[in-house]
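Novice: After the structure tokens below, expect a handful of questions from me.
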Amino acid sequence: MGRALAAALPTAVHDGVLAYRQVSVVFDVVGRGRWVVRTRFGTVSVDTRIPARPTATITADPAAVTALLAGRCSLVSAFLTGALRVRGSMSTVLALGGVLAPAADLPTRARVRETSVFGVRTGYLDAGPPGGPPVVLLHGLGATNASMLPVLADLAAEHRVLAPDLPGFGSSAAPNWDYDPVQLQRWLRAFLDTVDAPASAVIGHSLGGRVALELALRNPDTVRSLVLLCPALAFRRRQLTALARRIPADLARLPIAFPHRLLHEGTRGACRTLFADPDRVPRHWFDAAADEWELTLRDTGHRRALWSATLALYLDEPFGDRGLWNRVAQLAVPTLCVWGADDPLVPARFADHLTATAPQVRSVTLPDCGHLPQFEWPEATGALIDDFLTRTARHPRTAAIA
């Protein structure tokens with residue numbers, strides 16, 4: 001298996017995060033043994049010296065690993081189907097998956113790339129045919145682009161799919177910004193120019209949905225169509241605004257000291273509450289999400305970005321000249337909103353408010369669904385997105401209300 005692993009990898013990587021970082025990824029092949037893939041400033045090697053603290057660990061049975069190395073299956077597909085489990089840095093694992101079996105034509109292969117936007121190092125996934133119609137996926141608060149993998153896998157056969165880590169999250173740098181929707185949409189518009197994806201369909205989840213909506217309101221020419229999954233819209237009633245305005249984002253720079261096990265178990269438990277029925281989701285997905293969350297909390301800059309974005313969402317003005325609910329009535333981009341009937345974070349009743357304010361927007365509420373429809377009901381969510389994007393391409397002015 002070690003020789004097969006080495007044969008499936010290039011000896012050198014010249015772009016992306018693996019080109020300049022030192023990482024170690026353990027392949028734990030059940031019943032066969034363990035091997036380590038190391039990258040050191042672009043040089044790739046395989047050995048059996050297991051490090052005490054690897055960057056990430058991939059666990060799978062021999063059949064799954066063989067399919068992966070032979071190019072019969074992408075790492076994204078293997079993760080989503082439960083054929084392999086990931087612990088540690090998901091972004092590193094995705095980067096490795098992007099260079100495995102490079103000769104194989106795999107639509108769901110996600111290549112991890114980096115670019116600079118406003119001087120901010122920005123990591124993103126790039127999947128699908130380069131000439132396909134562009135679709136941009138934006139993750140939610142505290143998440144990374146890995147939270148959009150079900151959507152990426154569904155669309156990559158026919159679309160060029162770009163899934164960035166927002167500044168301050170995941171593999172992207174965390175500048176000393178105010179992480180409000182206006183600032184993030186400025187970055188998003190520049191990102192679209194940088195990656196040559198004009199007039200994209202934009203699909204945003206939670207915070208990502210709010211950022212996508214702000215872009216569509218301010219720069220409708222840059223957005224071909226809009227899909228919002230449980231978007232974090234401005235609360236119509238807020239009781240703690242005076243207090244929230246007094247809390248500095250830099251408070252998050254204070255050191256934290258949570259034992260790994262306590263932090264991991266607490267985060268995994270919190271993730272489960274986001275689902276109407278968490279048992280629908282494989283346990284190992286929660287472990288992967290908890291590891292990503294811990295990486296965020298351990299980094300001072302990313303921790304500050306998380307707190308800044310949280311405050312900005314809570315303080316998002318609902319009414320007045322700059323209020324979201326007043327402006328959303330003017331939304332001119334074809335838009336689909338998908339809500340979870342049992343979402344504990346974004347109330348499903350927002351669908352009624354949005355319909356009353358912007359009847360041109362199509363809203364669909366999924367029953368027995370929490371805050372992550374792309375994971376809890378991937379088939380239903382994917383079908384809604386596929387149908388909407390298809391009709392938008394054919395009839396851009398009427399797709400939203402058909």
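The values are calculated or read from the model by the stated rules, or taken from the named source; none is laboratory data. Keep in mind that what you see is a predicted model, and the values were worked out from it rather than measured. With ideal geometry, Cβ positions are generated from the backbone for all residues, glycine too; neighbour counts draw on all protein chains shown.
Novice: Looking only at segment 296-319, count how many residues are of a type in the set (Asp, Glu) and modelled with pLDDT under 85.
Specialist: Number of matching residues: 2.
Novice: Kindly state which helices (runs of 4 or more DSSP H) lie completely within segment 264-345 and contain at least 1 residues that are touching a strand residue (DSSP E or B) at 6+ places or on another chain (Cβ under 6 Å).
Specialist: 283-298
Novice: For segment 47-148, which helices (runs of 4 or more DSSP H) that fit wholly inside it have 2 or more residues that are without any contact (Cβ under 8 Å) to a residue 40 or more places away in the chain and out of contact with any Leu (no Cβ under 6 Å at 6 or more places or on another chain)?
Specialist: Where helices (runs of 4 or more DSSP H) fall fully within segment 47-148 and carry at least 2 residues being without any contact (Cβ under 8 Å) to a residue 40 or more places away in the chain and out of contact with any Leu (no Cβ under 6 Å at 6 or more places or on another chain), they are 62-69.
Novice: While we're looking at this one, here's another question. Given the condition loosely packed, with under 15 Cβ neighbours inside 10 Å, touching a residue at least 24 places away in the same chain (Cβ under 8 Å), in a loop (DSSP other than H, G, I, E, B) and under 23 Å from the mean Cα position of the chain (by Cα), answer yes or no: does some residue in segment 368-379 qualify?
Specialist: yes
Novice: Going residue by residue through segment 66-73, is there one that turns out to be under 30 Å from TRP307 (Cα atoms) and at pLDDT 95 or above?
Specialist: Taking every residue of segment 66-73 in turn, none turns out to be under 30 Å from TRP307 (Cα atoms) and at pLDDT 95 or above.
Novice: So in segment 1-26, with the set limited to residues that are part of a loop (DSSP other than H, G, I, E, B) and touching a Phe, Trp or Tyr at 6+ places or on another chain (Cβ under 8 Å), which one is nearest to ALA70 (Cα to Cα)?
Specialist: MET1
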